[in-house]
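Read the structure below first, then the notes.
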Amino acid sequence: MAGSSAVPKTMKAAYLVGTRQVEIREVPVPAPAPDEVLVRVEAVGVCGSDVHYYEHGRIGRYVVEGPLILGHEASGVVVAAGHLVKHLRPGQRVAIEPGVTCGRCEACKSGRYNLCPHVRFLATPPVDGAFAQYIAHRADFVHPIPDDMSYEQAAMVEPFSVALHAIRRSGMRPGDRVAIAGMGPVGLLTVAAARRLGAGDVIVSDTVDKRLQLALQLGASEAVHAKQGSLAAAVRERWPEGVDVAIETAGHPDAFASLLPALCRGGRLAVVGLSPLPLKELDLTQLTDGEIDIVGVFRYANTYPAGIQLMRELDVWNLITDTFPLAETGDALERARTQKSESVKVVVYPQA
Ligand SMILES: [Zn+2]
Ligand SMILES: [Zn+2]
């Protein structure tokens, strides 16, 4: 192992120890395996999933059984590398891709490694996450970033990857008209990604004015307040034939229902948002008559190199509304939980 001399023996980490209870603990700094690097964590974004575990202790079949470190949108600097690691060395600034896959199963070998049944994803129980001063992570999921990229930008490559994967799955081509429902961080980043990848007009909807404003700043051409009008009606008013591509990031059946009739014949709908609510009704004639494709989007695969390049031009301070030191990780989660209309992306600094 190279470069370990400056690494302390212990570190601080923020553990979720109960419902809405976070405790800072002093624990040993992990030792990297031969194929891992040790990263000093510099910035970590708070994700909706972190807030969900913090508030409910579970997401579907993933249940928090013991103290768990949350946080999976992370960046930092390599401070030590296992002896099998060739492409990274101490001092390299990096973005951490949180899902470490097996590399051997059919999903991995076909290039759809986001579907690997053996994935270990940060901050998904029982795997600890990145609200900690150091993290050991398999080196092939640790990506170098350019010198001019901030740690905040590098951390945001994670949710940006979801946006990129959604756009790939949607089949969007340059010039396409795109409708996007839900302007949380992923929806907003999908607007930014769509524009960078050549989308024509982008029309969005949400129920929070501030988020609609942000969407317009990031390149949307029209923003619809979902309580004041329907996205499909706004689309049809401007483009009677409909949009080519629709992307659902709101995680609500109403958003899904508003997108389907906004599509042109031959259009494609990508669903990112998770919803516990059932779909009320689905007009199957719209599907068959329009020959509509509906695709699901689960995390992402092979997005980091492109995401890092596209992220260089993005001013993430449009999205980062709150920052906290590691000692206040509980406050960061509480802020994200309670201020959904004011707060967009919350960032924790483990070294602060
Ligand atoms: Zn996330
Ligand atoms: Zn696999």
**Item:** Positive-end residue, the chain charge dipole about Cα centroid, Cβ charges, pick of H56, S343, V100
**Value:** V100
**Complete:** Relative to the compact-globule estimate 2.2 N^0.38 Å (N residues), the Cα gyration radius of the stretch 222-275 stands at a ratio of 1.06
**Leading residue at positive end of dipole, the stretch 112-241 (Cβ point charges), from S161, P240, L189** = P240
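Rounded to the nearest 500, what is the chain's calculated 222 nm mean residue ellipticity when only DSSP H runs of at least 4 contribute -39500 (n - 2.57) each, over all residues?
Per the formula, -7500 deg cm²/dmol.
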**Prompt:** Which peptide among 288-294, 198-204 comes first, and what is the full order, when sorted by highest mean count of other Cβ atoms within 10 Å?
**Reply:** 198-204, 288-294
**Asked** Using the Cβ atoms and a cut-off under 13 Å, what net charge is assigned to the surroundings of P253, where Lys and Arg are +1 and Asp and Glu are -1?
**Response** -2
**Message:** Please return the longest range in the chain lying between exposed loop sites, taking trypsin sites (Lys or Arg not before Pro), DSSP loop only, at most 15 other beta-carbon atoms within 10 Å, and leaving the sites out.
**Reply:** 113-226
**Request:** Find the centroid of the Cα atoms in the stretch 40-88 and in the stretch 103-176, then give the distance between the two in whole Å.
**Result:** 12
**For the stretch 1-140, alpha-carbon Rg relative to the globular expectation (2.2 N^0.38 Å, N residues)** = 1.06
**Message:** From the phi angles alone, apply the Karplus equation (6.51, -1.76, 1.60; θ = phi - 60°) to the stretch 38-52 and give each ³J(HN,Hα) in whole Hz, x where the residue is Gly or Pro.
**Reply:** 9, 10, 7, 7, 10, 8, 9, x, 8, 9, x, 5, 4, 5, 5
**Message:** Can you compute the charge dipole magnitude of the stretch 161-296 about its Cα centre, using +1 on each Lys and Arg Cβ and -1 on each Asp and Glu Cβ, nothing else charged? Give it in debye, rounded to the nearest 20.
**Reply:** 440
**Complete:** Across 5 Å bins beginning at 0, the whole-percent shares of Cα-Cα pair distances in the stretch 139-239 come to 2, 13, 22, 21, 18, 11, 6, 3, 2, 0, 0
**Asked** Once the stretch 161-296 is represented by equal point scatterers at the alpha-carbon sites, with solvent omitted, what log10 I(q)/I(0) does the Debye formula produce at q = 0.10, 0.11 Å⁻¹?
**Response** -0.25, -0.31
**Message:** Over the Cα atoms of the chain, each weighted equally, I'd like the Debye log10 I(q)/I(0) at q = 0.07, 0.08, 0.11, 0.13 Å⁻¹, rounded to two decimals.
**Reply:** -0.30, -0.39, -0.73, -1.00
**Request:** Quote the charge dipole size of the chain about the Cα centre in Debye, to the nearest 20; the model charges only the Cβ of Lys and Arg (+1) and of Asp and Glu (-1).
**Result:** 620
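Among the GluC sites (Glu not before Pro) within the stretch 196-282, which fall in a DSSP loop and have no more than 12 other Cβ atoms within 10 Å of their own Cβ? Intermediate values should be presented prior to the final figure.
Numbers: sites: E222, E237, E241, E248, E281; in loops: E241, E281.
Passing both the DSSP loop test and the Cβ count: E241, E281.
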**Fill in**
Between the Cα axis of helix 329-338 and the main Cα principal axis of the chain, the angle (0 to 90°, nearest 10) is 10
**When the convex hull of its Cα atoms is projected in every direction, mean area for the stretch 22-104 (nm²)** = 7.1
**Amide H contacts of V100 (H built 1.01 Å from N, under 5 Å, at least 5 apart or other chain)** = R120, F121, L122
**Cut-off 17 Å, label 7 Å out along Cα→Cβ of H87, residues of the stretch 158-178 by amide N** = 158
**Request:** Of the DSSP beta bridges with both residues in the chain, give the percent that are antiparallel, rounding to the nearest 5.
**Result:** 60
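No value in this document is a laboratory result; all are computed from the given coordinates. Here the structure is a predicted model, which is why all the values come from computation and not from measurement. Using ideal geometry, Cβ is built from the backbone for each residue, glycine included, and neighbour counts are taken over all protein chains shown.
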